[in-house]
Structures are given as structure tokens and as C-alpha cells.
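Below is one structure, written out as C-alpha cells; comments come after it.
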Amino acid sequence: MNTESNADRWYALRVRTRWEASTANLLSGKGYQTFLPTFRTAKRWGGGTGDLTAPLFPGYLFCQFDSHNRLPVLVTPGVIAVVGRGRIPVPVEDSEIEAIQVMVSSGLQTEPWPYLEIGQRVRIEGGALSGLEGILASFKGSCRIVVSVSLLQRSVALEIDRSRVSPIESVRTALLPARGVQLLLKEAVA
């Protein structure tokens with residue numbers, strides 16, 4: 001049985017798809033505090049529709065435990081791994097867990113959304129600017145899409161609702177030119 005201590009932090013667990021709820025129940029039965037954020041969605045099947053509760057982060061659930069004593073968590077049916085860097089678990093920020101808990105418990109409609117970072121290439125979806133591509137930027141708390149003309153070395157910014165943009169590629173890939181990726185791969189192989 002797990003007892004609450006100062007070392008207990010929230011960790012994201014990678015779990016088998018569609019095993020999120022049963023794995024959370026098994027971990028709760030072992031005495032761990034779990035958090036499986038869900039949302040309500042309308043689903044069509046068999047000629048009709050119905051409401052369905054689905055995980056906000058499919059394939060993941062959050063669990064609070066001491067990372068030095070993670071074996072009981074890892075041997076729980078459905079658990080694939082603790083999310084981290086290599087084999088070192090990395091805790092989820094308390095402020096991020098609290099924010100998700102507040103959103104879910106508010107009763108307001110929540111839904112999964114693509115992860116967007118400032119500096120990432122994005123495409124506008126819908127409306128008069130549909131298909132326009134640029135870089136996501138932030139200025140005085142609002143989001144803007146920046147379109148550049150390389151030859152002129154000039155850019156134009158447009159304030160945009162963040163919900164109208166979708167990512168084109170990973171920010172890490174976008175920040176490395178193709179030649180940089182080739183050099184990194186060459187160094188890794190050598």
C-alpha cells in the first residue's frame with residue numbers, strides 16, 4: 001500500500017489503449033491516487049447516436065507516487081511505462097495537473113486539442129483565411145500568425161484565435177534546418 005509522502009509527485013503513465021479506466025481502478029485499489037481526465041462526446045454507431053465518456057489523453061493516465069518505489073505501479077496490468085526521459089521518470093508540473101482538474105471539474109465542455117507552441121508552423125482552418133500557413137507568435141497575451149517573405153526579409157502578423165489553427169510539424173523539426181538534422185543523424189551514427 002502506498003502512503004502519502006513529500007516524495008509523491010504526479011506522473012503520466014503510458015497505458016494500453018482503452019485500458020485507461022480499468023488501470024486507474026487497479027492502481028486506486030493498490031492505494032495510489034489516480035487522475036483520469038475525461039470528456040463527453042457524441043458517438044454514432046448502429047444507426048443511432050449516444051453520449052460516450054472518453055479520456056482527454058487517450059493512452060495516458062496520471063498517478064501520484066514516489067518514483068523511487070515505482071515497481072508496484074509498473075507491474076499493474078495495463079501500465080506500459082512511466083513517461084520520462086529514457087528510464088528516468090519526469091513528474092508532471094503540479095500547476096498543470098491542477099489546471100486540468102479545475103477544467104474537468106468545472107462542468108464546462110472540454111475536448112482534446114493539438115499541442116501548439118510559440119514558434120511552431122501552423123495552418124489556419126476554416127474561414128476566409130483557410131489554408132494560410134505561418135508561424136505562431138505571441139504579442140501582449142494574444143496569438144498571432146506571422147507570414148514572412150524571405151526574399152524581402154519582411155513579415156506580416158495577423159491576430160488569430162488560437163482555436164482556428166492546427167500544427168503543421170513539430171516545433172523541434174521546424175527549428176532545425178534539414179542540413180542540421182542530417183548532421184545530427186551523422187553524429188549519432190558515428
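Selection over segment 63-73 of residues that are surrounded by 16 or more Cβ atoms within 10 Å (Cβ to Cβ) and aliphatic (A, V, I, L, M) gives a count of 1. Residues in segment 80-108 that are touching a Phe, Trp or Tyr at 6+ places or on another chain (Cβ under 9 Å) and of a type in the set (Val, Ile, Thr): 82, 83, 90, 92, 97, 100, 104.
Within the set 76, 110, the sole residue that is open to solvent by less than 50 Å² (accessible area, probe 1.4 Å), at pLDDT below 90, on the phi < 0 side of the Ramachandran plot and in a loop (DSSP other than H, G, I, E, B) turns out to be 110. Would you check if there is a residue in segment 8-21 being on the phi < 0 side of the Ramachandran plot, out of contact with any Leu (no Cβ under 8 Å at 6 or more places or on another chain) and free of Cβ contacts under 8 Å to residues at least 12 places away in the same chain? No: segment 8-21 contains no residue that is on the phi < 0 side of the Ramachandran plot, out of contact with any Leu (no Cβ under 8 Å at 6 or more places or on another chain) and free of Cβ contacts under 8 Å to residues at least 12 places away in the same chain. Residue pairs whose Cβ atoms lie under 9 Å apart, sitting 6 or more positions apart in sequence or on different chains, and linking a residue in segment 25-49 that is within 18 Å of residue 12 (Cβ to Cβ) and open to solvent by less than 60 Å² (accessible area, probe 1.4 Å) to a partner that is of a type in the set (Gly, Ala, Ser) and not in a loop (DSSP other than H, G, I, E, B), are 34/24; 34/28; 35/24; 36/21; 36/24; 38/21; 38/54; 39/54.
Looking only at segment 39-55, decide whether some residue is assigned to a loop (DSSP other than H, G, I, E, B), at pLDDT 90 or above and at negative phi. Checked segment 39-55: no residue is assigned to a loop (DSSP other than H, G, I, E, B), at pLDDT 90 or above and at negative phi.
Residue 125 passes every criterion in (1) under 16 Å from residue 35 (Cα atoms); (2) touching a Ser or Thr at 6+ places or on another chain (Cβ under 7 Å) apart from (1). Specify which of the listed residues (162, 154, 144) is open to solvent by 100 Å² or more (accessible area, probe 1.4 Å), modelled with pLDDT under 85 and over 15 Å from the mean Cα position of the chain (by Cα). Unique residue meeting the criteria: 154. For segment 128-141, the candidate set comprises residues that are in contact with a strand residue (DSSP E or B) (Cβ under 9 Å, 6 or more places away or on another chain) and of a type in the set (A, V, I, L, M); within that set, the residue that is modelled with the lowest pLDDT is 129.
The values are calculated or read from the model by the stated rules, or taken from the named source; none is laboratory data. None of these values were measured; they are calculated from a predicted model. When we count neighbours, we look across all protein chains shown, and the Cβ atoms used for this are built from the backbone with ideal geometry, even at glycine. With ligands, DNA and RNA removed, areas are computed over all heavy atoms of the protein, side chains included. Shrake-Rupley method; radii C 1.70, N 1.55, O 1.52, S 1.80 Å.
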